[in-house]
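Participant: What follows is a structure written as structure tokens; I'll ask about it next.
The values are calculated or read from the model by the stated rules, or taken from the named source; none is laboratory data. Everything numeric in this text was worked out from a predicted model, so none of it was measured. Cβ sites come from the backbone with ideal geometry, for glycine too, and all protein chains shown count toward neighbours. Keep in mind that these areas ignore ligands, DNA and RNA; they rest on the heavy atoms of the full protein, side chains included. Shrake-Rupley method; radii C 1.70, N 1.55, O 1.52, S 1.80 Å.
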Amino acid sequence: MAQQIMIIGLGQFGMSLARTLAERGVEVFAVDVKKNLVEEAETFVTEAVVADASNEQELVQLEPRKRDAVVCAIGNDSRESSIVCTALLRQMGVTRIVARANDPMHQRILKQVGAHEVINPELEFGKRFANRLLFDRVVVDTQIADDLMLTEIRVLPPLIGKTLLELELPRKYGIIVAGIRTGDDRNISRPDPNVPLKADSSMIIVSGEESITRFVEEVNREEVNR
């Protein structure tokens, strides 16, 4: 059975999230106070309704408890509504509430009123994009816990021909290579610590944010000094 996720607030972030989840087979229930946004979402989500989710009676009618998760993605211009909506969702017994925050104070309040998880899309994207600007070998990185990153990085020249056993990455940097992707292959294989790394490969790394930064910086310096 497909996951059922409700998204409240169809601004740029909420609309993009709804579309991506729908493309991945999730049953998306989209909610916004603006009719034009709801009509746009209707073309690709399971169901879209016009409603004010900060109004308790209207929110009850949406039956948020029936969803696997509810994302309160209300935008920057309605901070009070996002706080009220999050508090109501918690009171209604929603098992997983993800709320969008605009700043640290907003984040603290959302946590206090009941959000299980709080995200700041602009801040998180800024951090990820900064890494891609600084380290052009980074393909993609995703935060999977408070201080745990999943990063795909192309094999840097100083690493070509060396094995993971030789590199001792866990000991030196506290990072773990969880997989290897070769060329344009979409499949990821388990790493063999005794097989030399190839130039057309990338490593799937699990690490803390500081660890991957230190690793890439040191390897970049080694490349410059060669």
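Participant: Excluding same-chain residues fewer than 8 positions from residue 162, which lysines have a Cα within less than 16 Å of its Cα?
Facilitator: In chain and number order, the partners are 172, 198.
Participant: Additional query: Tell me the angle of helix 12-23 to the major Cα principal axis of the chain, expressed in degrees between 0 and 90 and rounded to the nearest ten.
Facilitator: Approximately 80 degrees, to the nearest 10.
Participant: Considering only DSSP beta bridges whose two residues both sit in the chain, what percent are antiparallel, to the nearest 5?
Facilitator: Values: 19 of 38 bridges.
DSSP beta bridges in the chain are roughly 50 percent antiparallel.
Participant: Still on this structure: Can you pull the accessible area of residue 7 for me, 1.4 Å probe, Å² to the nearest 10?
Facilitator: 0 Å²
Participant: Right, another one. Using helices alone, what [θ] at 222 nm do you get for the chain, with -39,500 (n - 2.57) per DSSP H run of 4 or more residues, divided over all residues and rounded to the nearest 500?
Facilitator: Rounded to the nearest 500, it is -11500 deg cm²/dmol.
Participant: Which whole-number percentage describes the relative contact order of the chain, with Cα contacts under 8 Å and a sequence gap of 6 or more? List each step's numbers first, then the result.
Facilitator: Numbers: 404 pairs, mean separation 28.5, N = 226.
Reported relative contact order: 13 percent.
Participant: For the range 1-68, just say rounded, prolate or oblate: build the C-alpha gyration tensor, square-root its eigenvalues into a ≥ b ≥ c, call rounded for a/c under 1.5, and beyond that prolate if a/b exceeds b/c, oblate if not.
Facilitator: oblate
Participant: Then there's this: What is the angle, in °, between the Cα long axis of helix 121-134 and the longest principal axis of the Cα atoms in the chain? Nearest 10 is fine, range 0 to 90.
Facilitator: 20 degrees
Participant: Can you give the charge dipole size of the range 1-104 about its Cα centre, rounded to the nearest 20 debye, using +1 on the beta carbon of Lys and Arg and -1 on the beta carbon of Asp and Glu?
Facilitator: 340 debye
Participant: Still on this structure, please answer the following. Round to the nearest 10 and give me the degree value, 0 to 90, for the angle of helix 79-91's Cα axis relative to the longest principal axis of the chain.
Facilitator: Orientation of helix 79-91: about 80 degrees from the principal axis.
Participant: Computed from these coordinates, which is percent of Cα pairs over 20 Å apart: (i) 55; (ii) 65; (iii) 52?
Facilitator: Read-out taken from this structure: (ii).
Participant: Would you mind classifying the range 31-90 by shape? Square roots of the alpha carbon gyration tensor eigenvalues, ordered a ≥ b ≥ c; an a/c under 1.5 is rounded, otherwise it is prolate if a/b is larger than b/c and oblate if not.
Facilitator: On the way: a/c = 1.75, a/b = 1.23, b/c = 1.42.
Verdict is oblate for the range 31-90.
Participant: Kindly rank 96-105, 81-90, 38-47 from highest to lowest mean number of other beta carbons found within 10 Å of each residue. Mind showing how you got there, number by number?
Facilitator: Details: 96-105: 19.0, 81-90: 23.3, 38-47: 16.5.
Going from most to least packed, we get 81-90, 96-105, 38-47.
Participant: Rounded, prolate or oblate: which one fits the range 1-126, using the alpha carbon gyration tensor with axes a ≥ b ≥ c (rounded when a/c is under 1.5, else prolate when a/b beats b/c, else oblate)? Don't skip to the answer; put the middle values down first.
Facilitator: On the way: a/c = 1.41, a/b = 1.22, b/c = 1.15.
Here the range 1-126 falls in the rounded category.
Participant: Here is a further query. So, in nm, how far is label residue 182 from label residue 96 when the simple model puts each one 7 Å beyond its Cα toward the Cβ?
Facilitator: Those two pseudo-labels are separated by 3.5 nm.
Participant: Would you mind working out the magnitude of the charge dipole of the chain relative to its Cα centre, with +1 at each Lys and Arg C-beta and -1 at each Asp and Glu C-beta, to the nearest 20 Debye? Let's see the in-between values first.
Facilitator: On the way: 28 positive and 35 negative charges, 99 e Å.
Dipole of the chain, to the nearest 20 debye: 480 debye.
Participant: Subtracting the Cα-Cα distance from 0.36 nm times the residue separation, let me have the gained length for residue 4 to residue 66 in nm, one decimal.
Facilitator: Numbers: separation 62, 0.36 × 62 = 22.32 nm, distance 0.82 nm.
Extra length from residue 4 to residue 66 when fully extended: 21.5 nm.
Participant: Please give the FRET efficiency for residue 77 paired with residue 42, using the beta carbon to beta carbon distance and R0 = 30 Å, rounded to the nearest 0.05. Numbers along the way, then the final one.
Facilitator: Numbers: r = 23 Å, r/R0 = 0.76.
Here the calculated transfer efficiency is 0.85.
Participant: Given a 1.4 angstrom probe, what's the average accessible area per residue across the chain, in square angstrom?
Facilitator: Averaged over the residues of the chain, the accessible area is 58 Å².
Participant: Let me ask something additional. May I ask you to give the percent of accessible area on the chain that is carbon plus sulfur, with a probe radius of 1.4 Å?
Facilitator: Details: 6300 of 13040 Å².
Ligands and nucleic acids excluded, carbon and sulfur reach 48 percent.
Participant: Could you tell me which residue out of 72, 164, 199 lies farthest along the dipole of the chain toward its positive end? Charges go on the beta carbon: Lys and Arg +1, Asp and Glu -1, centred on the Cα centre.
Facilitator: 164
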